[in-house]
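The values are calculated or read from the model by the stated rules, or taken from the named source; none is laboratory data. Keep in mind that this is a model prediction, so the values were computed, not measured. Cβ sites come from the backbone with ideal geometry, for glycine too, and all protein chains shown count toward neighbours.
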Amino acid sequence: MKLDSYWLDTAPRFSQPAQGPLAGRVDVAVVGGGFTGLSAALELAKRGKSVVVLEAGRLAAQASGRNGGHCNTGVAQDYASLAARIGNERASEFYRAYAGAVETVKSIIVEEQIDCDLRQSGKIKLAAKPQHFASLAKSYEVLKREVDPDVELVPPERIHDEVASDGFFGGLVQRNGMQMHMGKFGVGLGEAAARRGARIFEETPVTGLKPLGGNTFELECARGTLRADRVLIATGASQVGPLQWFRRRLAPVGSFIVATEPLGKARLDALLPTRRSYVTTRHIGNYFRATPDERLLFGGRARFAMSNPRSDEKSGRILREGLVTYFPQLADVRIDYCWGGLVDMTIDRLPRAGQHEGLFYSMGYSGHGVQMSVHMGRVMADVMFGSAARNPWRTLEWPAIPGHFGRAWFLPLVGAYYRLQDVLH
């Protein structure tokens, strides 16, 4: 079992990293070479802006290359509950932003001819307990009436049409969704940005950010010093660099994934006949999908802990048990990959984007970042040059998490709370 991301291990390396020292002045410096930063760099370079991307490690190797591979419509919360809390109008606006984000991803793949095993399949949320189906039915009614007439409610008696498991009790299908190979997409996005003229530096962590007035900053790193007329912070839950203001507002929650050996088309078709993206309704739930080479990828918040090799291995054992619980027919299957990554969670699980003390930023995707990160990269290219109204999250306040100063000491407590909720509800 490799303690490596399947997406990163089976993707080519980025072929156009910038070389040499860092110096001079650019229109935009992007801090973070994940989907947000690369999408922004691509859009800015297409518009003729001089842009540099500074990535602390390998391109698209953190959340962008360690996620579950889902790209779907849908906010991170139950839609009916969100609408009850913030109103139908705002909830609908946020939902449509996610629908638009899926289309943004698709348009970039097509326009830039990115070879990333694109598959349009939709998503199903699976009721993990009989009583959860009532909540899905309520969300279905609100969604269909207010914002998405193409949703479908799958009753318990038909759930085997979607997934060969006795562990689910109905589901809610949202058809506007896709899958792709995350590693290939990330590299392809970087290659497209570089072709357009963006300079992308790997292994280049930013160590200093000095404001020079207005939106202009001096960025320091081991390669040298760069002056930028605008800076976009696109780091997510990164623990690297002088970004304490952002860290206090994000809870870096570990998410863990295993991938089986290749199962073959016939076995996988019997298991997942519709080949959708799947997510369960538990607070500490699971998500899964097929990979392009016919593995089953199965993930979740196995443990409320940070990702490291020892933690990933422990989480892998928990995930294997969960996989076999839902799919006992896979008890003999080998696990080939196990890995973890950090999800940049906000308190309300809604993204944040805007400007703070001259720095532009977009992050806090809370486990729904594949589509929204790519979309917000393109949006922030507009925002940085005067189109603030393009930002769907512009009205959200972003206070610090009480008692949080960058290290998520509270994760075990959060995990205990959610485990209790799963027992009670």
Next on the checklist: What's the number of the only condition in (1) under 21 Å from the mean Cα position of the chain (by Cα); (2) at pLDDT below 95 that ALA192 fails to meet?
Outcome noted: (2)
Checklist entry - Of the residues PRO273, PRO252, which single one is surrounded by fewer than 23 Cβ atoms within 10 Å (Cβ to Cβ), touching a residue at least 12 places away in the same chain (Cβ under 8 Å) and assigned to a strand (DSSP E or B)? => result PRO252
Item to check | Enumerated strands (runs of 3 or more DSSP E) restricted to the stretch 309-375, each holding at least 2 residues that are modelled with pLDDT under 95 and of a type outside the set (Val, Ile, Thr) | outcome: 335-345
Next on the checklist: Here is a check on your reading of the model: is GLU157 touching a helix residue (DSSP H, G or I) at 6+ places or on another chain (Cβ under 9 Å), surrounded by fewer than 21 Cβ atoms within 10 Å (Cβ to Cβ) and either over 26 Å from TYR326 (Cα atoms) or among the charged types (D, E, K, R) (or both)?
Outcome noted: no
Item to check | Close pairs (8 angstrom Cβ cut-off, 6 or more residues apart or separate chains): closer than 17 Å to GLU162 by Cβ in the stretch 279-292, charged (D, E, K, R) and assigned to a loop (DSSP other than H, G, I, E, B) anywhere | outcome: THR281/LYS129; GLY285/ARG301; ARG289/ARG275; ARG289/ARG276; ALA290/ARG275
Checklist entry - Are any residues in the stretch 376-392 out of contact with any Gly (no Cβ under 7 Å at 6 or more places or on another chain) and either within 23 Å of ARG248 (Cβ to Cβ) or outside any helix (DSSP H, G or I) (or both), and if so, which ones? => result MET376, MET380, VAL383, MET384, PHE385, GLY386, SER387, PRO392
Checklist outcome for this item: Just one listed residue, out of TYR326, TYR365, is in contact (Cβ under 8 Å) with a residue 40 or more places away in the chain and under 18 Å from the mean Cα position of the chain (by Cα), and it is TYR365
Next on the checklist: It is to be established whether one or more residues within the stretch 256-270 are modelled with pLDDT under 95, touching a strand residue (DSSP E or B) at 6+ places or on another chain (Cβ under 6 Å) and either closer than 30 Å to ALA134 by Cβ or not basic (Lys, Arg) (or both).
Outcome noted: yes
Checklist outcome for this item: If we keep only residues of the stretch 276-296 that are of a type in the set (Val, Ile, Thr) and either within 22 Å of PHE185 (Cβ to Cβ) or out of contact with any strand residue (DSSP E or B) (no Cβ under 8 Å at 6 or more places or on another chain) (or both), then the residue surrounded by the most Cβ atoms within 10 Å (Cβ to Cβ) is VAL279
Checklist entry - Within the stretch 98-107, how many residues turn out to be over 15 Å from the mean Cα position of the chain (by Cα) and crowded, with 22+ Cβ neighbours inside 10 Å? => result 0
Next on the checklist: Residues that are over 25 Å from LEU359 (Cβ atoms), at least 3 per element: which strands (runs of 3 or more DSSP E) completely within the stretch 8-127 meet that?
Outcome noted: 70-72, 123-126
Next on the checklist: Pairs needed: first member in the stretch 336-360, at negative phi; second member anywhere, among the aromatic types (Phe, Trp, Tyr) and assigned to a strand (DSSP E or B); C-beta distance under 7 Å; at least 6 residues apart or different chains.
Outcome noted: GLY340/PHE256; ALA353/TYR361
Checklist outcome for this item: When restricted to LEU219, LEU209, LEU232, the only residue touching a helix residue (DSSP H, G or I) at 6+ places or on another chain (Cβ under 8 Å) and part of a strand (DSSP E or B) is LEU232
